[in-house]
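The values are calculated or read from the model by the stated rules, or taken from the named source; none is laboratory data. What you see is a predicted model; the values in this text were computed from it and never measured. Because the Cβ atoms are built from the backbone with ideal geometry, glycine has one as well, and the counts that use them run over all protein chains shown. With ligands, DNA and RNA removed, areas are computed over all heavy atoms of the protein, side chains included. Shrake-Rupley method; radii C 1.70, N 1.55, O 1.52, S 1.80 Å.
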Amino acid sequence: MQTKAQNFRAGLRDGLPICLGYFAVSFAFGIQAAGIGLSVPEAAAVSAANLTSAGQFAALSIIAAGASYLELAFTQLVINLRYFLMSCALSQRLSPDMRFAHRFGIAYGMTDEIFAVSFSRPAPLSPYYSYGLIAAAVPGWVLGTTLGAAAGSILPGVLTNALGIALYGMFIAIVVPPAKENRVVAGVALLSMAVSAVFTFAPYLREISSGFRIILVTVLVAGGAAWLFPIEDKPVKEEDHAA
């Protein structure tokens, strides 16, 4: 059985690749944040408090539009619902005796990448391993945002616009591989773009604020896909549960 220090070091080691990946994406976020008028400390605070790329990028358009806090909060709730599911799944690998403070600390760093790495560890998951992951990954996200916002504040507009294309490259890199393997995913991605275009250009619909547009498109397309193409639950094997 590993000690607390050994688990923490293992988390640091496994979190380093996540840190490097986060740095590249958050740099693009920092540039976008500076573009709508956020200061460097404000952009860094957003990244430190949220740790959600899709949610943060969606928040920028809502902030730029001057929408209400309620709209911003509800948008974040819809976009980040997957973290509830991840937390529920990961909680099954925690010791029943784990204190609430540790569970709260693990929940803070619940991202797609940290969840995937954490789930590969044998149960029960040590909170110190999670703290190691968080200690390696989160600074990369915040530092990338900070440098991106600083660069966006001083670099020429032409250059920052060019660097901002990294955002779209990130989403393409996320969507294309699963879309090539699954026609349903490809169809959902194309339908999402089509519905979003309708909400952007159609009369009356384009009057809806950007935040509620994101909410409506997400609920309509994701809900419809889940209803039409449900994924069957796979029974958990005894040996998997024991692991």
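Observations, loosely collected:
- Taking the listed residues 34, 10, the one that is surrounded by 16 or more Cβ atoms within 10 Å (Cβ to Cβ), aliphatic (A, V, I, L, M) and at pLDDT below 90 is 34, with no other qualifying.
- Inside the stretch 64-77, residues that are within 14 Å of the chain's Cα centre (by Cα) and surrounded by fewer than 15 Cβ atoms within 10 Å (Cβ to Cβ) make up a count of 1.
- Odd one out for residue 237, checked against (1) among the basic types (Lys, Arg); (2) closer than 26 Å to residue 118 by Cα; (3) modelled with pLDDT of 75 or more: (3)
- Residue check, residue 25 under 12 Å from the mean Cα position of the chain (by Cα), among the β-branched types (Val, Ile, Thr) and part of a helix (DSSP H, G or I): yes
- Selection count, the stretch 38-63, where residues are farther than 14 Å from residue 140 by Cα, of a type outside the set (A, V, I, L, M, F, W, C) and open to solvent by less than 60 Å² (accessible area, probe 1.4 Å): 4
- Extreme residue, surrounded by the fewest Cβ atoms within 10 Å (Cβ to Cβ), among residues of the stretch 83-102 that are of a type in the set (D, E, K, R) and over 14 Å from residue 121 (Cβ atoms): 97
- Test: residue 206 is at pLDDT 80 or above, open to solvent by 70 Å² or more (accessible area, probe 1.4 Å) and not aromatic (Phe, Trp, Tyr): no
- Close Cβ contacts (under 7 Å, 6 or more residues apart or on different chains) running from residues in the stretch 177-198 that are assigned to a helix (DSSP H, G or I) to residues that are surrounded by fewer than 15 Cβ atoms within 10 Å (Cβ to Cβ) and modelled with pLDDT under 85 comprise 184/229; 185/178; 195/220; 198/205.
- The set of residues in the stretch 67-109 being in contact (Cβ under 8 Å) with a residue 40 or more places away in the chain and within 24 Å of residue 17 (Cβ to Cβ) consists of 108, 109.
- Failed item in (1) under 19 Å from residue 119 (Cα atoms); (2) touching a residue at least 60 places away in the same chain (Cβ under 8 Å); (3) in a helix (DSSP H, G or I), with residue 6 passing the rest: (2)
- Filtered residues of the stretch 114-130 (kept if open to solvent by less than 80 Å² (accessible area, probe 1.4 Å) and at pLDDT below 85): 116, 121, 123
- The criterion of at least 2 residues that are in contact with a helix residue (DSSP H, G or I) (Cβ under 6 Å, 6 or more places away or on another chain) and more than 23 Å from residue 15 (Cα to Cα) is met, among helices (runs of 4 or more DSSP H) falling completely within the stretch 40-143, by 53-64, 69-79.
- Total residues in the stretch 108-137 satisfying the condition of being farther than 21 Å from residue 89 by Cα and out of contact with any Phe, Trp or Tyr (no Cβ under 8 Å at 6 or more places or on another chain): the figure is 1.
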